[in-house]
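Student: Next up is a structure, given as structure tokens.
Only the coordinates and a few stated rules stand behind these numbers; no lab work does. Quick caveat, the model's predicted, so the values are computed rather than measured. Here the Cβ positions follow ideal geometry from the backbone for every residue, glycine too, while neighbour counts run over all protein chains shown.
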Amino acid sequence: MSERNHEVIKSQQLLDEYGNIAEPGWSRKQLQQYSRTQIKAPKFRIKEWDYYLVVGDDCAVAFTLSDDGYVGLQPVSLLDFSGEPWEHTETRMLA
């Protein structure tokens, strides 16, 4: 699977038996089944996050909810595309 923009089209486990991505790529809907127990790493090294982006014509807002194993982060970014573009990010850390 060396194609850079490969589309995953079948439902499957996200990770293979070795803990690697079974089929790298993107999908139009949630096809990959994720199970934390398949990760071959200590719990403190597991990084999990959800990323949401809401985009309009002139602005956008991005939210990330992450668990980095030893700390949680909740950044929110505001982006303005009108006039002179700017971006501002605020992050809340949960220890």
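Student: Could you please rank T91, T37, placing first whichever residue has the fewest other Cβ atoms within 10 Å of its Cβ?
Tutor: T37, T91
Student: Under 5 Å between amide H atoms, partner at least 5 residues away or on a different chain: which partners does G69 have, H built in plane at 1.01 Å?
Tutor: E48
Student: Follow-up. If the only charges are +1 at each Lys and Arg Cβ and -1 at each Asp and Glu Cβ, what is the size of the charge dipole of the chain around the Cα centre, to the nearest 20 debye?
Tutor: 620
Student: Still on this model: Please report the equivalent ellipsoid semi-axes of the chain, computed as sqrt(5 x eigenvalue) of the Cα gyration tensor, largest first, in whole Å.
Tutor: In descending order the semi-axes read 30, 21, 10 Å.
Student: Go through region 72-78 residue by residue and turn each phi into a ³J(HN,Hα) via Karplus (6.51, -1.76, 1.60, θ = phi - 60°); whole Hz please, and just put x for glycine and proline.
Tutor: x, 10, 9, x, 10, 10, 10
Student: Rank the residues E84, E7 as a footprinting-exposure proxy: fewest other Cβ atoms within 10 Å of their Cβ go first.
Tutor: Fewest-to-most Cβ neighbours within 10 Å comes out as E84, E7.
Student: If neighbour count is taken as other Cβ atoms inside 10 Å, put W49, W26 in order from fewest to most.
Tutor: W26, W49
Student: Additional query: Excluding residues fewer than 8 places away in the same chain, name every one of the lysines whose C-alpha is closer than 24 Å to that of K29.
Tutor: Within reach: K10, K47.
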